[in-house]
């Protein structure tokens with residue numbers, strides 16, 4: 001595999017430049033490959049970029065790889081995209097397989113090291129079939145816990161910020177169970193625009209772009225394989241495959257098929273439930289409009305803090321204080337830097353050991369999934 005330090009980008013702009021240059025590699029085997037750029041309605045130079053390439057003979061399959069739905073997670077996603085292009089692209093059969101490689105669904109979040117887009121929308125709570133599902137009354141437990149999840153005050157000094165969070169957590173624990181608290185935080189909410197995991201009150205521009213691309217992909221081939229890159233959840237040195245609750249194959253079956261050890265379903269028992277998830281949307285779109293198409297879609301979730309209870313609490317704290325800093329600032333530069341470090345470590349760890357293991361896990365998963373789904377073989381006849 002390529003050197004890990006060379007794969008992880010230093011900025012959104014450098015990542016985008018590298019991705020655009022990959023059109024050359026795609027054209028070597030897919031002569032009709034094209035680079036597309038959709039500039040967002042924003043004063044900064046922010047674009048969703050994708051490379052599309054139709055099969056050269058008969059369109060049977062399409063491989064979709066997406067990154068940075070949660071912007072800051074795009075740094076790891078960019079490394080995995082490049083790993084795939086350099087190691088696996090040449091293993092596909094261009095005669096019957098098309099490509100859709102999407103760089104940075106959420107460019108504002110990647111550029112500004114935030115998980116949300118410029119409107120504070122968590123795009124992975126915005127993918128619903130009907131805009132009526134962006135319902136302000138959804139998740140009433142969040143409304144009850146809103147003052148804890150989104151404190152409307154500046155962040156104090158680090159020691160006091162830690163104490164305030166711990167005190168708030170202990171106070172909430174007296175009234176609700178840990179399961180309820182976790183669900184309320186992660187499920188998504190549609191009424192508090194300055195809150196965490198806000199799903200928006202309408203389809204976001206980024207969401208509309210991806211919905212259009214997914215519909216085109218279903219129209220172009222009979223079999224879709226969609227791999228989406230995320231970070232944050234799970235054991236620190238272990239990437240997990242997170243499947244939609246709509247996937248009919250069990251986690252145990254898929255572990256055997258893919259020869260990959262860590263596979264879970266996005267349910268409350270194995271992972272956590274949410275509304276507006278992008279992978280769920282792809283399955284729902286298939287069910288509604290393309291029922292005869294074959295689909296396997298999953299998320300690569302690279303664990304960062306860890307999977308213990310103390311790690312989950314730290315993750316919740318990092319999410320809350322980052323949001324609090326964004327909306328209400330902090331008088332102390334030291335506090336600002338602490339929040340930035342905590343948040344970056346949650347979604348883009350700098351440790352070389354972590355980065356090397358993440359690449360190893362992705363390489364193994366790419367190989368197992370591509371083989372099991374019939375996208376690669378020893379040789380093409």
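Please count how many residues of the range 170-182 are surrounded by 14 or more Cβ atoms within 10 Å (Cβ to Cβ) and out of contact with any helix residue (DSSP H, G or I) (no Cβ under 7 Å at 6 or more places or on another chain).
Step one: filter the range 170-182 for residues surrounded by 14 or more Cβ atoms within 10 Å (Cβ to Cβ), giving 172, 176, 180-182.
Filter once more, so that each one left must be out of contact with any helix residue (DSSP H, G or I) (no Cβ under 7 Å at 6 or more places or on another chain): 176, 182.
Number of matching residues: 2.
Looking across 49, 41, one residue alone is within 23 Å of residue 326 (Cβ to Cβ) and touching a helix residue (DSSP H, G or I) at 6+ places or on another chain (Cβ under 7 Å). It is 41. The criterion of at least 1 residues that are within 17 Å of residue 316 (Cα to Cα) and touching a residue at least 60 places away in the same chain (Cβ under 8 Å) is met, among helices (runs of 4 or more DSSP H) falling completely within the range 94-160, by 146-149. Quick one: which strands (runs of 3 or more DSSP E) sit completely within the range 192-273 and have at least 2 residues that are within 28 Å of residue 96 (Cβ to Cβ) and modelled with pLDDT of 95 or more? Once the strands (runs of 3 or more DSSP E) in the range 192-273 are filtered for at least 2 residues that are within 28 Å of residue 96 (Cβ to Cβ) and modelled with pLDDT of 95 or more, what remains is 223-232, 239-243. Checking each residue in the range 269-287 for being under 25 Å from residue 131 (Cβ atoms) and more than 17 Å from the chain's Cα centre (by Cα) picks out 284, 285, 286, 287.
Scanning the range 275-294 for residues that are touching a residue at least 60 places away in the same chain (Cβ under 8 Å) and surrounded by 20 or more Cβ atoms within 10 Å (Cβ to Cβ) yields 275, 276, 277, 278, 280, 281, 282.
One residue stands out in the range 3-53 among those that are under 23 Å from the mean Cα position of the chain (by Cα) and modelled with pLDDT under 95: the one that is nearest to residue 363 (Cα to Cα), namely 4.
Go over the candidates 321, 369, 376 one by one and state the one that is at pLDDT below 95 and in contact with a helix residue (DSSP H, G or I) (Cβ under 6 Å, 6 or more places away or on another chain). Exactly one residue qualifies, and that residue is 376. Yes or no: the range 156-165 includes at least one residue that is out of contact with any strand residue (DSSP E or B) (no Cβ under 6 Å at 6 or more places or on another chain) and farther than 25 Å from residue 332 by Cα. No: the range 156-165 contains no residue that is out of contact with any strand residue (DSSP E or B) (no Cβ under 6 Å at 6 or more places or on another chain) and farther than 25 Å from residue 332 by Cα.
Whether any residue in the range 10-18 is touching a strand residue (DSSP E or B) at 6+ places or on another chain (Cβ under 8 Å), within 20 Å of residue 296 (Cβ to Cβ), in contact (Cβ under 8 Å) with a residue 12 or more places away in the chain and in the same structural domain as residue 354 (by TED's automatic domain parsing) is what I want to check. No: zero hits.
Of the residues in the range 150-164, not one is over 21 Å from residue 344 (Cβ atoms), surrounded by 23 or more Cβ atoms within 10 Å (Cβ to Cβ) and modelled with pLDDT of 95 or more. Among the residues of the range 88-110, those that are over 22 Å from residue 221 (Cβ atoms) and either surrounded by fewer than 23 Cβ atoms within 10 Å (Cβ to Cβ) or touching a strand residue (DSSP E or B) at 6+ places or on another chain (Cβ under 9 Å) (or both) comprise 104, 106, 107, 108. Within the range 171-186, the set of residues being within 22 Å of residue 272 (Cβ to Cβ) and part of a helix (DSSP H, G or I) comprises 172, 173, 178, 179, 180, 181, 182, 183, 184, 185, 186.
Name the residues in the range 49-63 that are crowded, with 23+ Cβ neighbours inside 10 Å and in contact (Cβ under 8 Å) with a residue 60 or more places away in the chain, would you?
Restricting attention to the range 49-63, the residues satisfying the condition of being crowded, with 23+ Cβ neighbours inside 10 Å are 50-51, 53, 62-63.
Of everything in the range 49-63, those that are crowded, with 23+ Cβ neighbours inside 10 Å and in contact (Cβ under 8 Å) with a residue 60 or more places away in the chain turn out to be 50, 62, 63.
The values are calculated or read from the model by the stated rules, or taken from the named source; none is laboratory data. None of these values were measured; they are calculated from a predicted model. Every residue, glycine among them, receives a Cβ derived from its backbone with ideal geometry; neighbour counts consider all protein chains shown.
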